[in-house]
Amino acid sequence: VRLRFLFGYITGAILTLCVQSAHADADTDLNNWMKLAVPAAEGYLISNISPHDGLLGSVLASPSRTSPDYYYNWIRDAALVMDVYMSDLESSNTTSSDSPFVRHTFVEDLLWNYLSFNAKLQSSNALTGIGEPKFYVTGAPYMGDWGRPQNDGPALRASLLIRFMHYLIQHNRLDEAQTKVWPVILADLTYVGQNALNPSYDLWEEFKGDNFFTLVTDRAALLAGADAALWLKNKSLSDSFKSQVPKIEAVMQGHLNTKTNQVVENMHRVAGLIDKKDSGLDTATVLAVIHTDAYPYLKYDSSMLQNTVDQLAKQFQQIYPINTRSDVGSAFGRYPEDVYYGGNPWFLTTLAVAEYYYKLGLYDVQMNRSNGSKYLALGDMFLQRVRKHVDAQLHMSEQMDRNNGFLLSAPDLSWSYASLLTAVNARSRLSRNLPAVASVATKAGP
Ligand code: NOJ
Ligand code: NOJ
């Protein structure tokens, strides 16, 4: 076994050398980095799932117990983490990959565990019921002061579980989908339908009011639910989910500032910590778009979305000293006025921008336009930025120091790793779909 490993290693090294001399450019270099960073992220992520002192299917936001204490299962973070495994399941088929059966079972088990843990959370005595944002990994609700409810959580969870349901139905397992998965989805969608128009705390847990991210995820969940109800031949339920959407869209419309050509993330504050978000800009807007692909509200090439990203970049370039280097993309924070743990750039927001450009590229290719490779290169700038700031073992935390780029705040944040994995996923979908000529152009480099 060892010899075979060594042999594999040597041929691998020779192959790598050949490839490197063929195109010794940034592209190859980044690819080699991803070969290390992806398995590292997968490993660090999995060790945050079903921790020894928690129930199966619980997801630690981070193993950190102090400054900050992130030793909880957040509904939002967990759903976004499970997106990684759900995509894996969706793209797997029994003919590819080395051990499809083992891999399949493992990933499917994760999703079943996630489902049963969340079914338990739904029926707990949490202060805001289904709108409750965080729980102990034992399943007990957190009863202390917190920004609650957070209505994006149930929406993200429902959308994720609808994909799981779709997967089961495609594999002739309608019965399991209907009896085990659907009840959890239904509880979330009922809550979302009843609460989408009520003020909610935003995804950053600071601002209670109307939040674009929350509205976009609520809308997408109801539309996904309308489709799922039809799989179960329940037309009237489907119609009732759909009928909620125009009211949500009317509120969303108010967040589109046509004068400045910018999305205003938060509006109509009724409570919360932050009342001054003068710029209106927030990377949450980008997150909203990349996490609702199946039911888009703003198209990837919308000029307002692109301008919002550009304005955010401009602000973060001014605010963060590390952004003076321009050989890589700008590090992005949550929003310009942020002060939480120093209000530094975050890994997950910077990676969201990479993912945004990859998906914009994919959209461009689908529209038969010719900017796919340009957007691939742009996305890569942001991946290169993140690469500068991970530590020597490829760990990521929540934030990076705005002055020197070192890891800050919650170590091994699950959401950071999930963001790397979904960004890299989008990248490989884009590079697979680039027309042949365009991909040669990318390879040729600068
Ligand atoms: C904790 C939340 O997790 C974080 O997002 C927020 O910025 C702070 N509370 C505000 O104090
Ligand atoms: C603070 C972030 O603002 C919030 O979005 C996240 O859910 C928690 N940390 C846990 O990661």
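Once the dipole of the stretch 233-335 is set up with Lys and Arg at +1 and Asp and Glu at -1 on Cβ about the Cα centre, which of VAL251, TYR335, LEU312 lies farthest towards its positive end?
Of VAL251, TYR335, LEU312, it is VAL251.
Where the centre of each part is set by its Cα atoms, how far does the stretch 405-423 sit from the stretch 305-353, in angstrom?
Measuring centre to centre over Cα atoms gives 15 Å.
How far apart, in nm, are two points set 7 Å out from the Cα along the Cα-to-Cβ line at GLU90 and at ASP327?
If labels sit at GLU90 and ASP327, their model points lie 3.7 nm apart.
Please work out the Cα center distance from the stretch 194-246 to the stretch 161-179, rounded to the nearest Å.
Distance between centres, Cα-based: 21 Å.
Rounded to the nearest whole Å², what accessible area per residue is found for the chain with the 1.4 Å probe? Display every interim value, and only then the final one.
On the way: 19380 Å² over 446 residues.
Accessible surface, normalised per residue, equals 43 Å².
With every protein chain present, what accessible area does TYR341 have (1.4 Å probe, heavy atoms only), rounded to the nearest 10 Å²?
For TYR341, solvent-accessible area is about 90 Å².
Could you estimate the translational diffusion coefficient of the stretch 194-308 from the Stokes-Einstein equation, with Rh from the Kirkwood formula over C-alpha pairs, at 25 °C and 0.890 mPa s, in whole µm²/s?
Details: Rh = 14.8 Å.
Rounded to a whole number, D works out at 166 µm²/s.
Given Cα positions, please report Rg to Rh for the stretch 141-200, the hydrodynamic radius being the Kirkwood one.
Numbers: Rg = 14.0 Å, Rh = 12.7 Å.
On the Cα set of the stretch 141-200, Rg over Rh gives 1.10.
Let me check I've understood the local charge: for TYR70, count other residues with C-beta under 15 angstrom from its C-beta, Lys and Arg +1, Asp and Glu -1. What total comes out? Intermediate results must be reported in sequence, preceding the final value.
Details: positive: ARG65, ARG76, LYS134; negative: ASP53, ASP69, ASP77, GLU205, GLU398, ASP412.
The answer is -3.
Please list, or write none, the aspartates and glutamates whose alpha carbon is within less than 13 Å of the alpha carbon of LYS134, excluding same-chain residues fewer than 8 places away.
Straight-line reach from LYS134, under 13 Å: ASP69, ASP77, ASP145, ASP152, GLU205.
Where the accessible area of the chain is counted over protein heavy atoms with a 1.4 Å probe, how much of it, in %, is carbon and sulfur?
Numbers: 11020 of 19380 Å².
With neighbouring chains kept in place, the figure for the chain is 57 percent.
For a test of the definition: using alpha carbon positions, the gyration tensor, and the 1.5 limit on a/c, classify the stretch 76-207 as rounded, prolate or oblate.
Working: a/c = 2.19, a/b = 1.94, b/c = 1.13.
The shape class here is prolate.
At 7 Å along the Cα-to-beta-carbon direction for both ASP391 and LYS247, put a label point, then send me their distance in nm to one decimal.
Each label point is offset 7 Å from its Cα along the Cβ direction, giving 4.9 nm.
Rounded to the nearest angstrom and ordered from largest down, what semi-axes does the equivalent ellipsoid of the chain get from its C-alpha gyration tensor (root of 5λ)?
32, 27, 23
For labels at ASN257 and ASN198 in the simple 7 Å Cα→Cβ model, what's the distance in nm?
So the two model labels end up 2.9 nm from each other.
Applying a 10 Å radius around every beta-carbon, put 75-83, 397-405 in order of their mean neighbour count, most first.
Highest mean packing first, the order is 75-83, 397-405.
Please compute, for the alpha-carbon atoms of the stretch 368-437, the extent along each of the three principal axes and give them in descending order in Å.
43, 23, 18
The values are calculated or read from the model by the stated rules, or taken from the named source; none is laboratory data. On a predicted model such as this, the values are computed, not experimentally measured, just so you know. Reconstructed Cβ throughout: ideal geometry from the backbone, glycine too, with neighbour counts over all protein chains shown. Heavy atoms of the whole protein, side chains included, go into the accessibility calculation; ligands, DNA and RNA do not. Shrake-Rupley method; radii C 1.70, N 1.55, O 1.52, S 1.80 Å.
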